[in-house]
Every structure is written in C-alpha cells, then in structure tokens.
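Student: Please find one structure pasted underneath; my questions will follow.
We did not get these values from a lab; they are worked out from the coordinates using the rules stated. Computed from a predicted structure; not experimentally measured. Methodologically, a virtual Cβ is constructed for each residue, glycine included, from the backbone with ideal geometry; neighbour enumeration extends over all protein chains shown.
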Amino acid sequence: MARIEGVNLPSDKKIKIGLTYIFGIGESRALEILDKTKIDKEARVKDLTSKQVDKLKKVIEEYKIEGSLKREVAANIKRLKDIKCYRGSRHKKNLPVRGQQTQSNSRTVRGNVRHTLATGKRSGPKAP
C-alpha cells in the first residue's frame, strides 16, 4: 500500500484512479503527474516499486494539495463572508452559492427535511 501526503492509496486500483484519492488531484492532474514520472497509467498501486513511489512523492510536492489547499479554500470562503458579498452571505446561510433554484431542489445543502403544509382544516370533531 502506497502512502502519499498522508493518504493511503487503495492497493487494488489503477494508479491513475488511486491518485485521485488525494484532495486536489483529479483525473487530469493524475495523468499529468504520471506523464512526468513516466509511470504506466494502467499499473496497479500494489505493483509500484518504492522508487516509483518516491518519484510520485517528489512530483506531487510541486502541487498545492491536501491541508494547504483546504486552508486556502477555507480562507477564500472566510474572505467572502467578511466582505459581506452575496456569495459570502449564501455560505453563511448554508444555501447554494452558484445560483441554483432552492424552492424544490438543494436538498443536499439545506438538509433532507421536508415540511408538509397543513391545509387549515382540522380533522375530527369540533371542540365546543
């Protein structure tokens, strides 16, 4: 099992998919890293030699990933909240930021709580 930047890569997956388990590395960046290190894209993580893992670590250090990237994203969101712009206010209220409709959608952001509206009629006998 290869461990890069504090992340255990799944040993039975191909390396191009395994690298995407690191925050900040998607499929296109993984392919770019593999081109730089000249490692076969179809190789499994468990088949990598320690020399190849060291090469990967060296190339990955050039990118902003994991903790530093998460801190940067959090700082950007905090800046938006501090200047009280529209996007910052949406972040504060835990609502969709990029203009999505919210009346019927955005369940993932607002929480999957559905409130049914009462019709205004009472059920059962009326009280005197």
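Student: Pairing the Cα long axis of helix 66-82 with the longest principal axis of the chain, what angle in degrees results, from 0 to 90 and rounded to the nearest 10?
Tutor: 30 degrees
Student: Still on this structure: About the Cα centre, and with charges only on the beta carbon of Lys, Arg (+1) and Asp, Glu (-1), how big is the dipole of the chain? Nearest 20 debye, please.
Tutor: Rounded to the nearest 20 debye, it is 1080 debye.
Student: Now for a different question. Any idea what angle helix 50-60 forms with the longest principal axis of the chain, computed on alpha-carbon atoms, 0 to 90 degrees, nearest 10?
Tutor: That helix lies at roughly 50 degrees to the long axis.
Student: May I ask you to derive the FRET efficiency for ASP47 and PHE23 from their Cβ-Cβ distance with R0 = 25 Å, giving the value to the nearest 0.05?
Tutor: Numbers: r = 24 Å, r/R0 = 0.97.
Once the sixth-power term is evaluated, E becomes 0.55.
Student: For the range 3-60, what does the relative contact order come out to in percent, with C-alpha contacts under 8 Å and a separation of six or more? Mind showing how you got there, number by number?
Tutor: Details: 60 pairs, mean separation 21.1, N = 58.
That works out to 36 percent.
Student: Which order do VAL45, VAL113, VAL97, VAL73 fall in if you start with the one that has the fewest other Cβ atoms within 10 Å?
Tutor: Numbers: VAL45 21, VAL113 6, VAL97 16, VAL73 12.
Listed from fewest to most nearby Cβ atoms, that is VAL113, VAL73, VAL97, VAL45.
Student: Any chance you could give the angle, 0 to 90 degrees and rounded to 10, that helix 27-37 forms with the longest Cα principal axis of the chain?
Tutor: Helix 27-37 sits at roughly 10 degrees to that axis.
Student: A follow-up question, please. Show me the GluC sites (Glu not before Pro) within the range 49-80 that DSSP assigns to loop and that have at most 12 other Cβ atoms within 10 Å of their Cβ.
Tutor: Working: sites: GLU61, GLU62, GLU66, GLU72; in loops: GLU61, GLU62.
For GluC sites (Glu not before Pro) across the range 49-80 that sit outside H, G, I, E and B with at most 12 neighbouring Cβ atoms in 10 Å, the list reads GLU61, GLU62.
Student: Can you tell me the FRET efficiency between LYS93 and SER68 if r is taken as the Cβ-Cβ distance and R0 is 22 Å, rounded to the nearest 0.05?
Tutor: Details: r = 28 Å, r/R0 = 1.26.
The pair LYS93/SER68 has a calculated efficiency of 0.20.
Student: Note down the net charge around LYS55, summing +1 for each Lys or Arg and -1 for each Asp or Glu among other residues with Cβ under 9 Å from its Cβ. Intermediate results must be reported in sequence, preceding the final value.
Tutor: Numbers: positive: LYS36, LYS38, LYS51, LYS57, LYS58; negative: ASP54.
Around LYS55, the surrounding residues sum to +4.
Student: What number, in percent, do you get for the relative contact order of the chain if the mean sequence gap of Cα pairs under 8 Å and at least 6 apart is divided by its residue count? Each step should come with its number before you reach the end.
Tutor: Details: 111 pairs, mean separation 20.4, N = 128.
Dividing the mean separation by the residue count of the chain yields 16 percent.
Student: Separate question: Taking a quarter of the surface of the convex hull around the Cα atoms of the chain, what do you get in nm²? Kindly include the intermediate steps, with their values, before the conclusion.
Tutor: Values: hull surface 57.5 nm².
Projected over every direction and averaged, the Cα hull of the chain covers 14.4 nm².
Student: Mind checking the range 67-111 for trypsin sites (Lys or Arg not before Pro) that DSSP puts in a loop (not H, G, I, E or B) and that have at most 15 other Cβ atoms within 10 Å? Can you show the working numbers first?
Tutor: Numbers: sites: LYS70, ARG71, LYS78, ARG79, LYS81, LYS84, ARG87, ARG90, LYS92, LYS93, ARG98, ARG107, ARG110; in loops: LYS84, LYS93, ARG98.
In loop regions of the range 67-111 (DSSP not H, G, I, E or B), the sparsely surrounded trypsin sites (Lys or Arg not before Pro) are LYS84, LYS93, ARG98.
Student: Too long at a 24 Å Cα-Cα cut-off: which of LYS16/LYS36; LYS38/LYS70; LYS16/LYS38; LYS38/LYS64? Don't skip to the end; give the middle numbers.
Tutor: Details: LYS16/LYS36 13 Å; LYS38/LYS70 28 Å; LYS16/LYS38 12 Å; LYS38/LYS64 21 Å.
Where the Cα-Cα span goes over 24 Å, the pairs concerned are LYS38/LYS70.
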